[in-house]
Each structure stands twice: as structure tokens, then as C-alpha cells.
Ligand code: FAD
């Protein structure tokens, strides 16, 4: 058993843990990063599948994500815009396809007015409540006691307007059914992206991609740390006192003054904390869980939809694939579509044989793009639900009532133990930007403790 001594031990080599580790290392502290997997990056994973480079995990960058954009610049990584020329596609409850441009789906004029009104109401609430401390707002308990869908039902009788507005947060972001999380949680999600309008605007929220893949961020950060990153070292136990910690992994231990636990909160209970965490944390962590989505990649010889004047951007709350985009790689002559299948639809599809699942998903894509979508040259499903060291996608959210009850303690250290993850972030919550912000914040807290 290797025994190391460091100033700080970091558990988890995702974007958050590696940001914290490099910041501490730059400030002259010694670090060791222990990672359970045999690779770095966690939910960032750029991989070659049958000759196609695919972003298995996170990939998009939006213009408000300052921390991520700064990191990309520091690491010398370039971005390119998602393809967006031409018409988008919307399919309504009757299965009718309509092409459109702009952000608002092509619906009846009255439904459009309701959608625009709801977006305005939400923008106002989001601006008032903000991402930093939604639990501290006077209406926090009220909004945390009503589900997202109930809140929408209270606002409008227009079912299609409701379904569409629900989609932007439920299927598309939190990846839980709209009855499974609160209106306050939905407001946090929108506030963390700047506004509800930003979530509706695919050209904003899914603006850019990184040439060569977003996993380069953790890979390059890890390169900086060299031999201080240890792979295939799941931390099983964390022993701590007021001023010291000892992380016990499979083949090594690291003793340090501080620990940063940079893993998603649904995995905290996999670590045996000694002494056990305080009551408040033990309770709180049981109210946080990951949503679930299948990210589907279909690669074609050419981006055939562009010839038909389509941008590749498609939406329907009534389709198995509720949203899909042109995801072709930079300067790649092949065309890639990426689509998403969320929560209960994903559960259902995973109860079917793989070939049947593929057929259903491609059929759904063909509803948007025509018959050619049925025959990709490469087909792949990102299944983060089967990943032992993640267990879902995209990220963690509170169950009903959990956010106003526990939110204030989410980022509070326990003795020498700090928590860092995109799933705890304010700005950039559930995104790489939030992971980086949290990494910076925890590193700075440790550094200020030192002075
Ligand atoms: P993680 O990346 O989860 O890192 C945690 C690390 O801890 C992992 O490497 C894990 O293996 C390790 N670990 C866990 N337990 C232990 C243990 N006991 N001991 C040691 N190591 C442990 N974000 C965007 O900004 N844009 C997107 O387009 C986007 N799309 C996404 C698509 C998918 C399919 C998914 C899954 C996520 C997406 N996200 C996106 C979210 C984004 O990827 C995450 O928010 C971010 O990568 C999380 O980083 P993190 O460091 O906080 O956590």
C-alpha cells in the first residue's frame, strides 16, 4: 500500500476536481488527485466509436459560461459554432411536422401568446430569485412545495403551451419527469443559465463546441499535474479530524490537511466517512439524485438534412427523441445527429432489446429528418445510467421540498472536507462551467484558510 502525504487530497478527476487541484498546485500547495475510473474527465468523455469521434458526455459551451470560456482560452482550446443554418422542425401532439425559424415553436397564435407570457413570468421570477441562494427567497418554501408541472397548470389551461414550457426544464435539463421536482428547482436551473429565455434559445445554450472535444479540458489540466493524478483509485474511506484527513483508496492512502470531494453528491454515500458525517449532511444527501437521459449519436456519410434546408434542430415533447441537433464535427464531411431520450421514455427503451431500441429511436429521428435518418453508418447510445461512478445524466437535483430545506448547507465544508461539483454550483449549475466555478471556489476557500 503506497502512503502519500500532501497538503490537499482531491477525490475525483472531473472538471471540478482538476480545476481545484491545478489552482492549489499553482499556488504552491502539494496535491494528489484520486480517480476511480481508468481515465480522467468524469462526465466529459470524447471517444472514438467505429471511426467516429463522439462526445459521450458534455460538449456545448454557451456565451455566459465565463469560467469555462476562460479555461478554454488558458488551455489554448478553440471552439466552433453549432451548425444552425436553415429551418428548425417542430412536431405537435397530432404528429404534424412544421418547419420554423426563431425560438418559439410554430403553434396556434393563442398557444404562442401563452408560451410568451409564461416565458415572461418565468424570466421575472428567475431574475428576482437568482441562482446563488434560491432557498433564501421569501417564496422559496411555497415554490419548493409545488411540482414544476403543477405550477405550470396553475398558470395556464393551454396544454400545448404547458408541455412545451415544461420540456425546456424537465426533459431537456433536469431530465426528471415534470412531477418529480419543484418549481423552485426549475427556477434555479433557469437562473443558473442567466434566464429562462436563455434556455428556450438553443442558439444561446448550445452555442459552441470545442475542436477536438471537451474532454481535452480535464486531460490538459491533468497533464499539468503529471504524476499527482492517480487513476483506478476509488476512494473507499475518508478518515478525518478537525485539521487532517486520510483518504483510503484501493492501492494507496493519502494523508492531507484538507480534502476536496469532487464527485457527484449521489455518490457521497459510497465513501465511508469516519467519523460519520453530521446528521444534516447525512439527511441532505439522501434528497439529491441524478436525472436520466440517453444521448443518441447517429453518424451519416453526409449531413443530408442540410440539403433539405434544415438546420438539424428539432423539438417535440410528443416524440421519443424530444430534441435533436446537427452535431457534425469540425471540418468533418460526415454528418452527425445527436438526440436525447429522457427519463421515463429512457426507462422504457432500456427495457427493450438493443435492436428494438435502436429501431424506435431512429424511427423517431426519421419523423424529423425523413427516411434517410433510418440508416446511419455509426450509431451509439451514451448510457450514463450504467456508469458506476456517475449513475445517471446529466446531474443531481433535489427531490420535492429539498432545495429550500437543505440548499443553504449544500456547499458548507465539514471540518477539513470541502465539496466541489457542477451539481452544487449556482451559476453554471449542472454544467461544466459550474464544475469549474466550484473547483475555483473550493480551492480559494482552502487558500484563504491558509493565510
Ligand atoms: P464529474 O465529471 O462527474 O467528475 C467526478 C469524478 O469523480 C468522476 O471522474 C468519477 O469517476 C470520480 N469519482 C466518483 N466517485 C469516486 C470515488 N469514490 N473515488 C474517486 N473518484 C471518484 N455540461 C455542459 O456544460 N454542456 C453540455 O453540453 C453537457 N452535456 C452533457 C451530456 C451528458 C450526456 C452528460 C452526462 C453531462 C453533460 N453535461 C454538460 C454536464 C457536465 O458534463 C457535468 O456537469 C460536468 O462534467 C461535471 O463535472 P464534475 O467534475 O463536477 O463531476
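Worth pointing out:
- As a summary of the residue check, residue 251 satisfies the conditions (1) within 16 Å of the ligand (Cβ to nearest atom); (2) within 30 Å of residue 159 (Cα to Cα) except for the one numbered (2).
- You will find that of 371, 387, the residue that is out of contact with any strand residue (DSSP E or B) (no Cβ under 9 Å at 6 or more places or on another chain), within 13 Å of the ligand (Cβ to nearest atom), closer than 26 Å to residue 51 by Cβ and free of Cβ contacts under 8 Å to residues at least 60 places away in the same chain is 387 and no other.
- Every residue from the range 347-368 that is closer than 23 Å to residue 169 by Cβ and without any contact (Cβ under 8 Å) to a residue 12 or more places away in the chain: 348
- From 406, 380, 394, 368, residue being part of a strand (DSSP E or B) and either farther than 14 Å from residue 284 by Cβ or in contact with a helix residue (DSSP H, G or I) (Cβ under 9 Å, 6 or more places away or on another chain) (or both): 380
- Filter result for residue 428 (surrounded by fewer than 23 Cβ atoms within 10 Å (Cβ to Cβ) and under 14 Å from the mean Cα position of the chain (by Cα)): no
- Qualifying position, being closer than 30 Å to residue 289 by Cβ, within 20 Å of the chain's Cα centre (by Cα), touching a residue at least 24 places away in the same chain (Cβ under 8 Å) and more than 16 Å from the ligand (Cβ to nearest atom), among 343, 399: 399
- Of all residues in the range 290-318, those satisfying the criterion of being part of a loop (DSSP other than H, G, I, E, B) and surrounded by 22 or more Cβ atoms within 10 Å (Cβ to Cβ) are 291, 292, 316, 317.
To keep it simple, each residue is scored yes or no on (1) modelled with pLDDT of 95 or more; (2) more than 8 Å from the ligand (Cβ to nearest atom); (3) within 19 Å of the chain's Cα centre (by Cα); (4) farther than 25 Å from residue 261 by Cβ.
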residue: 2; (1), (2), (3), (4): yes, yes, no, no
residue: 24; (1), (2), (3), (4): yes, yes, no, no
residue: 34; (1), (2), (3), (4): yes, no, no, no
residue: 38; (1), (2), (3), (4): yes, yes, no, no
residue: 75; (1), (2), (3), (4): yes, yes, no, no
residue: 80; (1), (2), (3), (4): yes, yes, no, yes
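- The residue that is nearest to the chain's Cα centre (by Cα), counting only those in the range 410-425 that are within 24 Å of residue 139 (Cβ to Cβ) and crowded, with 18+ Cβ neighbours inside 10 Å, is 423.
- Set 439, 335, 407: member being crowded, with 19+ Cβ neighbours inside 10 Å, away from the ligand (no atom under 16 Å from the Cβ), at pLDDT 95 or above and under 19 Å from the mean Cα position of the chain (by Cα): 407
- Residue 269 vs. criteria surrounded by fewer than 20 Cβ atoms within 10 Å (Cβ to Cβ) and either in a strand (DSSP E or B) or away from the ligand (no atom under 16 Å from the Cβ) (or both): no
- Verdict on residue 69 being loosely packed, with under 15 Cβ neighbours inside 10 Å and within 15 Å of the ligand (Cβ to nearest atom): no
- Listing of helices (runs of 4 or more DSSP H) fully contained in the range 76-192 that carry 1 or more residues being over 23 Å from residue 318 (Cα atoms): 109-129, 140-144, 183-192
- Taking the range 216-247 as the range and being part of a loop (DSSP other than H, G, I, E, B) and within 9 Å of the ligand (Cβ to nearest atom) as the test, the residues that pass are 233, 234.
- Yes/no for residue 352 being at pLDDT 95 or above, touching a helix residue (DSSP H, G or I) at 6+ places or on another chain (Cβ under 6 Å) and not in a strand (DSSP E or B): no
- Test: residue in the range 188-211 that is without any contact (Cβ under 8 Å) to a residue 60 or more places away in the chain, buried (at least 20 other Cβ atoms within 10 Å of the Cβ) and farther than 19 Å from residue 105 by Cβ: no
- So residue 54, is it within 21 Å of residue 207 (Cβ to Cβ), out of contact with any helix residue (DSSP H, G or I) (no Cβ under 9 Å at 6 or more places or on another chain) and either assigned to a loop (DSSP other than H, G, I, E, B) or within 14 Å of the ligand (Cβ to nearest atom) (or both): yes
- Residue that is farthest from residue 326 (Cα to Cα), among those in the range 77-99 that are out of contact with any strand residue (DSSP E or B) (no Cβ under 9 Å at 6 or more places or on another chain) and touching a residue at least 12 places away in the same chain (Cβ under 8 Å): 93
The values are calculated or read from the model by the stated rules, or taken from the named source; none is laboratory data. Values in this document were obtained by computation on a predicted structure and should not be read as measured data. Glycine also receives a Cβ, built like all others from the backbone with ideal geometry; neighbour counts cover every protein chain displayed.
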